[in-house]
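Okay, so here's the structure we're looking at.
Only the coordinates and a few stated rules stand behind these numbers; no lab work does. Just so you know, these numbers come straight off a predicted model, no measurement behind them. Positions of Cβ are generated from backbone atoms using ideal geometry, with glycine treated the same way; all protein chains shown enter the neighbour counts.
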Amino acid sequence: MVKKKRASSLDVREVLGFLNQLIADKPFLPAVIPVFLVVWGIEKWIFSLTNWVPLVVAVWAVFQYGSYQRKILAEDLNNKWKQVLLETSPTTPLEQCEWLNKLLIEVWPNYISPRLSLRFSSIVERRVKQRRSKLIEKIELQEFSLGSKPPVLGLRGVRWSTSNDQRIAHLGFDWDTTDISIMLLAKLGKPLMGTARIVINSIHIKGDLRLVPVLDGRAFLYSFVASPDVRIGVAFGSGGSQSLPATELPGVSAWLVKLVNDSLAKRMVEPRRNCFSLPAVNLFKRAVAGVLSVTVMSASKLSRSNLRTSPSRKQHSSSTDGYVENSNDYKDLRTFVEVELEELTRRTEVQPGSCPRWDSKFNMTLHEDAGTIKFNLFECTPGGVKYDYLTSCEVKMRYVADDSTIFWATGADSTAIARHAEFCGKEIEMTVPFEGINSGELTVKLILKEWQFADGSHSSNGLPMSSQPSLNGTSSFLPRTGRKIYVTIAEGKDLPSKDKYGKLGSGCYVKFQYGKALKRSRTVPHTSDAIWNQKFEFDEIAGGEYLKIKCFIEEMFADENIGSARVNLEGLIEGSPRDVWIPLEKVNSGELRLQIEAVRVEDSEGPKGSTSNGWVELALIEAKDLVGADLRGTSDPYVRVQYGNLKRRTKVMYKTVNPKWHQTLEFPDDGSPLELHVKDHNHLLPTSSIGDCVVEYQRLPPNQMFDKWIPLQNVKKGEIHIQVTRKVPDLEKKSSLDSESSVTKARRQISNQVRVGLYVITFVDHLTLCVC
């Protein structure tokens, strides 16, 4: 592997560091610089001096820079020598961090590094996919290993301080390793094209950590005091299917460094902090999703002069409590709060004043075991449509292994605010300051309603509920292979009633994506509380695949997306359907009600799965009242039938809106969706759609014909007449045998009755003769 070459030009940060060190070592230097400038001005404009003055200055600067470089090199050698002594020395001095680093060296290779590599691999893969470079079209993580060399903590010792009765530990963090191995396979876009293998073989992260114990030692918050220094070594491999030469890709190293810096700054650089919990009980369950209730109650001490970042708007007057407030600061101040959790956003109503009260409650979903709830404060301009961003604050949360939840935030003067919900359903109230000096406070109420776990169980209202207790992490349901997932879209609530232009849509529909399977609901009239009651079937996919949902408003040219959502289908238990309301993301309101059920194919009845040795017989009879696609008000309709990956079509009926086809098509009965698309045939222009529909045949009883007129969707009028039958030969043979046996039995009964009748007649005749 080829290490990245250092740039020949001086780095700006290195130049500034050299100048600061030079001034510290040479205090008289600021006084020498003006003298040099005066001498240079005399030599330039008054009379010429010899050239030895600039030469002496240049030589002196070279020697000073050389001594600075030697000093930096000596510091690096001393740090490496300390690490070598730490690794090789059998005993260490009695310092707080020496034994900790020695312990890290022992347990890192075989315990900590594999666990962190497994945990961070999914996080790194998700981040590089979400924020890939413009030159990279697609990227995959092929290998991830943190190596055998741990970071060094507190090489210069630990310093404790106290702030508002909170103990804070300060220690250094230095991770310089060349043993790391992260391999990425990238598919390059234009203009490069081809594929390339990106290998990260070294990393150096250096900064100062800050640890804050909270909740009486049950957890502690950790963060970097400032953005750490990050350096990454990148090599570019070749071989295999790689079509790009093994040369350095432009901008990849800078992209990776920026990605690491942004990730650290977003998660664990002051004032943003991470939490490490120390639960007394560990139930060994992995939380995969959560349902959260967020109530935005009120704000206090809002002031334009402190919220605005423009210096011209700041008022420099003071008051006794340090809070600036006058009539201009809060007069006509109308604000609202936008709640943001991952890609899900909700917005309160607009309220006036410096202490507005909203009392807005929202249901939100979390797709991991931790999350950040961000509260963005906006000002609404009276009589306008423009919203001005003022400030924000955030509350973080994390699942604890004893089925509890920790909420934390950054308080005033960088203090820590932490709350502990011992069980689901417990209400937590927090007052969090907005970012900035004297920017006000926000009071919220948080209720974690439910945690969902990978083993199918969930905890709700303090009582863990599952089909079986799972304390050892084993699954309580059958293996996922061979199962079907049935998703019913029941209804919607508070859906956006207008598009982005303020117009009412004609209809709305929902699209589902699960793996590579795509489904679409029928179009219903567009209202805020739309009702579908439509069921879909998917094959279950292992690996925690999300069900992706998108809701659309139907328009003339291009349908508009009015919200999306993700549902974690991991941990479904057979026989335990889930009825959930899913909030839509990327919009201000809207929820969808889903009913989700997992069923094994061999245990399902009838057509829930697929029938063996059977087929679907579809008879396309006729249609009526079709839309006239031609200028004369007629159409040339035909039907294109799509059954899974199979496609069939009928003959074209020319110049009619009431066609009659009387065609029968057959398909193997494998449970695929059966879709009918009515088209208008054109010789020159592309064919146009005049309606479509979905035939729900899966629940039909075998060998019974289903005759129905189905209204066409996505058009104003039109119906199609079909007859569909699920043919099952074994049942036909059995029914024929049953019918044959019944006929034979009937014949035997008739023959016996006739025989008895003949006997009776013969006996009567014989008796009559005897009497006579």
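For the reader, a short list of remarks on this structure follows.
- Filtered trypsin sites (Lys or Arg not before Pro), region 487-585: DSSP coil and at most 15 other beta carbons within 10 Å: Lys500, Lys503, Lys516
- The 3J(HN,Hα) values that the Karplus relation (6.51, -1.76, 1.60; θ = phi - 60°) gives for region 483-493 are, in residue order, 9, 10, 10, 9, 10, 10, 8, 8, 7, x, 8 Hz. Gly and Pro appear as x.
- Other-chain or far-sequence residues with amide H under 5 Å of Thr177's (modelled H): Ile203
- Of the cross-linked pairs Lys187/Lys548; Lys190/Lys716; Lys190/Lys258, those separated by over 32 Å at the C-alpha level are Lys190/Lys716.
- Alpha-carbon centroid distance for the pair region 531-604 / region 413-450, whole angstrom: 31
- Qualifying trypsin sites (Lys or Arg not before Pro) for region 357-455 [loop in DSSP, other Cβ within 10 Å: at most 13]: Lys386
- A straight Cα-to-Cα reach below 17 Å connects Lys80 with the aspartates and glutamates Glu98, Asp174, Asp176, Asp179, residues fewer than 8 places away in its own chain not being considered.
- Under the Karplus curve 6.51 cos²θ - 1.76 cosθ + 1.60, θ = phi - 60°, whole-Hz ³J(HN,Hα) for region 393-410, x wherever Gly or Pro sits: 8, 8, 10, 9, 9, 8, 6, 10, 5, 9, 6, 10, 9, 10, 10, 8, 7, 9
- Filtered trypsin sites (Lys or Arg not before Pro), region 611-655: DSSP coil and at most 16 other beta carbons within 10 Å: Arg632, Lys651, Lys655
- Amide H partners (placed H, <5 Å) of Arg520, local residues excluded: Phe512
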